[in-house]
Amino acid sequence: MCFLRGSGLGTAGWIWWRMLRQVIHGGLRSFFYKLGLFVSRHPVFFLTVPAILTIVFGFSVLSHVKLETDLEILIAPSHSLAKIERNLANSLFSLDQSKAQLYSDLHTPGRYGRVILLSKPGGNILHQADQILQIHRAVLEMKDGRNSFIGHQLGGILEVPNSKDPRVKSARAIQMTYYLQTYGSAMQDLISEKWESEFCRLVYKIQKEHVNIHLYSLTSFSLLKDFQKTISLSQSKMLVSLVLILLTATLSSSMKDCLRSKPFLGLLGVLTICISSVTATGIFFVMDGKYNSTLLGIPFFAMGHGTKGVFELLSGWRRTRENLPFKDRVADAYSDVMVAYTMTSSVYIITFGMGASPFTNLEAVKIFCQNMCVTILLNYFYVFSFYGSCLVFAGQLEQNRYHSIFCCKIPSEEYLDRQPIWFQTMMNDGHHHSSHHEPDPYQNHFIQHFLREHYNEWITNTYVKPFVVILYLIYASFSFMGCLQITGGSSIINLLATKSPSVSYAFIQQKYFSNYSPVIGFYIYEPLEYWNTTVHEDLKTISHGFTTESWIEQYYQYLKDGNVSATNKTDFINILQNSFLTKPEFEHFKNDIIISKSGDEINVIASRMFLVARTSENTQQEVVELLEKLRPLSLIQSVKFIVFNPTFVFMDHYGLTVTMPVLISGFSVLLMLILTFFLVIHPLGNFWLIITVTSIELGVLGLMTLWKVDMDCVSIMCLIYTLNFAIDHCAPLLYTFVLANEHTRTLCIQASLKEHGAVIFQNVTCFLLGLVPLLFVPSNLTYTLFKCLLLTGSCTLLHCFVILPVFLTFFPPSKKHQKKKKRAKRKEREEIECIELQENPDHVTAV
């Protein structure tokens, strides 16, 4: 009895929740019906207000444009251990104390100029010493009143064979670095920037004079310049992309029926998203935002979501009854479409809102997500206001039987029959194309006709399903294989223009100077008993495997050579101060030791040395692994130390790039579940949506890894967008299937494709064609954007038109109860008809 009672309570609770969802869903539909009715009654107002906003904020784009000038702020973590280590190192050994040191002791990249001199194949750069010295003197003679620190390296070295001591036989390249002293002064920094520009021009001039040597230059300003260069390179391609999207949207919205064809609505839909994006950009600049190359993805992201809403609204208009007044048809379209569009827009805002939250540690991602939130919000407003007004005017023209292109009155059928064929074709309102199979003239749309008459039957065919299952297994296998190969390493080169000095320099440096890691500063920030042999052994253990430049090693060797003992503190410090550091060859170590005197007591409170590790070609990944191994040692060793190199600031975020998209995706799916729980009548809709979105997200992640796309800030933003794009296109398809009233799953998925397939195909086609011009922008950033978004659109299209139509015919929800309901209704109708025949035997009606 208890079990039955509990079961009854559970059934009652389920019925109550279902009724509540139906009430909420009905309330939202009623609200949007009234909103559509209000827009249809005041179309001029809703057309004018967005236009005025665009004009006002559009001018701000021209007057307030600012470019980001600090690359570290964008792509380095806002809060990282490396920045804390840099501050500590700078507080102990400030930059202005280094007067005659190489670049290895600097705590920030600062201002610098680097040049690699590469001999021709088979040549020896050492045989061209005169030219090297000539170039070196030309750099030093640059007149700007500054001091330069010079460092040099040899690359592509061949050693003398069978030699006891390592001796260089030949070298292919030499690298020279010129560091400038700035001391944080704004004026000095401006002078240094001018020096860097002169340095690049000098290298270019020298290259013309010395044709037998290839010169590759790099300055601190080069990275930022080549990063922002993508903006100018992509401007013309963005216009081509817009033209392609406009053409595709216009053609896909057209029909042979000159009355019901809506080419201008397709065109105006794309323009609606464009002007809303311009308004969002203006708001960004008014709020003192600074533009950077990563924001180039926002127009494509906004277009992918905005045009989906536009095409859905147009499709909703086509599903309304033609005999209704145009205002009621607009209201019906709003009621049918805007609930789902509101839900997906909310998911976009929530997802990118998480990316814009303080939990995001990359400023580039945070700025991008903030812009996306504003853009999606304005897209939503412009779609139901500006585009809704356009729909009202188009509906009024259709109701009054005006031509959809020429806006002239369509002649009567009698008049058309007397005209030439070309005139009949141009003025045909679709009457001659209608048949008993197509009572709805809108079914003549070529995409809907293809799906209904050809594709739906083919994809749900029994003989096609096994091949689709095999295709999905192949897709899942490659995706899983790619996900296993995800690494946490990336390079700043992936964000730069391809044909730029920075990329060329990085390629040559990687090829000839990748045998050793960057010089790592090893800072001991607490007093140690350096005279104790145990401490000395601990330092040797930590630095084992490194090539070191250490004052402590040199000092112990000095004591050993002089046969001097310094086993206590007094002797150790006296010899260090009064003998060792006074020698010319050891005098530079004064900058590596901090000696404090308190009364009569003298202590070494901090010191530093430099480490260089032997690496293979994948220098950056090995340095990251090295950093991850050294840091934990500082917690368990008796020697308290930190390690730092200016490049560590950029390397700290690679671990975060792998986990952050997964976390954001997980939170977004959870919030999407909460949002849609009250809006979806059947819970299986949510379940299938989660499975589908997960499959698409993992597919894009795995395939982009196999396509050699690194995890950087651009790929992170694309992964966040993939989640939303998948929800945007799969949710209507799945919910329509779950709620369909057909008596088999096959008929349900066919009905779902019939209702939403054309819109999905229109939008994804526009999206993918708009990406094509990105392929011709010579920039690594746009290549990453193109690859990720191409995979996003392709995987979504694959799931919507191939995988889901087949797999949904295998799994729940069952449609048997719908079949029973239809049988009961048919039996009841037959009984009613029999009664009517018995009451009126002389009157026969067609059944």
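The values are calculated or read from the model by the stated rules, or taken from the named source; none is laboratory data. Being a predicted model, the structure only gives us computed values, none of them experimental. Reconstructed Cβ throughout: ideal geometry from the backbone, glycine too, with neighbour counts over all protein chains shown. Surface areas here come from the heavy atoms of the whole protein model, side chains and all, with no ligands, DNA or RNA. Shrake-Rupley method; radii C 1.70, N 1.55, O 1.52, S 1.80 Å.
For the criterion of being closer than 20 Å to Thr320 by Cβ and either touching a helix residue (DSSP H, G or I) at 6+ places or on another chain (Cβ under 8 Å) or part of a helix (DSSP H, G or I) (or both), Glu414 fails.
Which residues, taken from region 392-410, are open to solvent by less than 50 Å² (accessible area, probe 1.4 Å) and touching a Phe, Trp or Tyr at 6+ places or on another chain (Cβ under 9 Å)? Break it down stepwise before answering.
Our first condition is that a residue be open to solvent by less than 50 Å² (accessible area, probe 1.4 Å); within region 392-410, this holds for 392, 394-395, 398, 403-404, 408, 410.
Listed by number, the residues that qualify are Val392, Ala394, Gly395, Glu398, Ser404, Cys408, Ile410.
Cβ-Cβ contacts under 9 Å between residues 6 or more apart (or on different chains), taken from a first residue in region 47-70 that is touching a residue at least 24 places away in the same chain (Cβ under 8 Å) and over 17 Å from Cys274 (Cβ atoms) to a second residue that is open to solvent by 50 Å² or more (accessible area, probe 1.4 Å) and in a helix (DSSP H, G or I), are listed as His64/Val286.
Scanning region 33-73 for residues that are small (Gly, Ala, Ser) and in contact with a Lys or Arg (Cβ under 7 Å, 6 or more places away or on another chain) yields a count of 1.
Does Asn532 fit the bill of being surrounded by 14 or more Cβ atoms within 10 Å (Cβ to Cβ) and in contact with a helix residue (DSSP H, G or I) (Cβ under 6 Å, 6 or more places away or on another chain)? Against the criterion (surrounded by 14 or more Cβ atoms within 10 Å (Cβ to Cβ) and in contact with a helix residue (DSSP H, G or I) (Cβ under 6 Å, 6 or more places away or on another chain)), Asn532 does not qualify. Exactly one residue out of Pro501, Pro518 is closer than 24 Å to Leu627 by Cβ, within 32 Å of the chain's Cα centre (by Cα), touching a residue at least 24 places away in the same chain (Cβ under 8 Å) and open to solvent by 30 Å² or more (accessible area, probe 1.4 Å): that is Pro518. When you look at Tyr341, is it crowded, with 20+ Cβ neighbours inside 10 Å, without any contact (Cβ under 8 Å) to a residue 60 or more places away in the chain, in contact with a Gly (Cβ under 7 Å, 6 or more places away or on another chain) and assigned by the TED database to the domain that holds Asn371, yes or no? Here the answer is yes, as Tyr341 does meet what is asked. Taking the numbered list (1) at pLDDT below 90; (2) open to solvent by less than 20 Å² (accessible area, probe 1.4 Å); (3) out of contact with any Gly (no Cβ under 6 Å at 6 or more places or on another chain) in turn, His817 passes all entries but (2). The set of residues in region 266-308 being surrounded by fewer than 22 Cβ atoms within 10 Å (Cβ to Cβ) and basic (Lys, Arg) consists of Lys290 alone. Being surrounded by fewer than 24 Cβ atoms within 10 Å (Cβ to Cβ), in the same structural domain as Asn379 (by the TED database) and under 17 Å from Cys390 (Cα atoms) narrows it down to one of Phe311, Phe326, so name that one. After applying the criteria, what remains is Phe326.
Under the condition of being modelled with pLDDT of 90 or more and touching a Ser or Thr at 6+ places or on another chain (Cβ under 6 Å), which residue from region 13-46 is most open to solvent (accessible area, probe 1.4 Å)?
Only one residue fits best here, namely Tyr33.
Within region 594-617, the set of residues being of a type in the set (Ser, Thr, Tyr) and either in contact (Cβ under 8 Å) with a residue 24 or more places away in the chain or surrounded by 17 or more Cβ atoms within 10 Å (Cβ to Cβ) (or both) comprises Ser607, Thr615, Ser616. Taking region 276-294 as the range and being touching a residue at least 24 places away in the same chain (Cβ under 8 Å) and not in a helix (DSSP H, G or I) as the test, the residues that pass are Asp288, Gly289, Lys290, Tyr291, Asn292. Listed by position, the helices (runs of 4 or more DSSP H) contained in region 451-523 that have at least 2 residues being within 30 Å of Ser607 (Cβ to Cβ) and not hydroxyl-bearing (Ser, Thr, Tyr) form an empty set.
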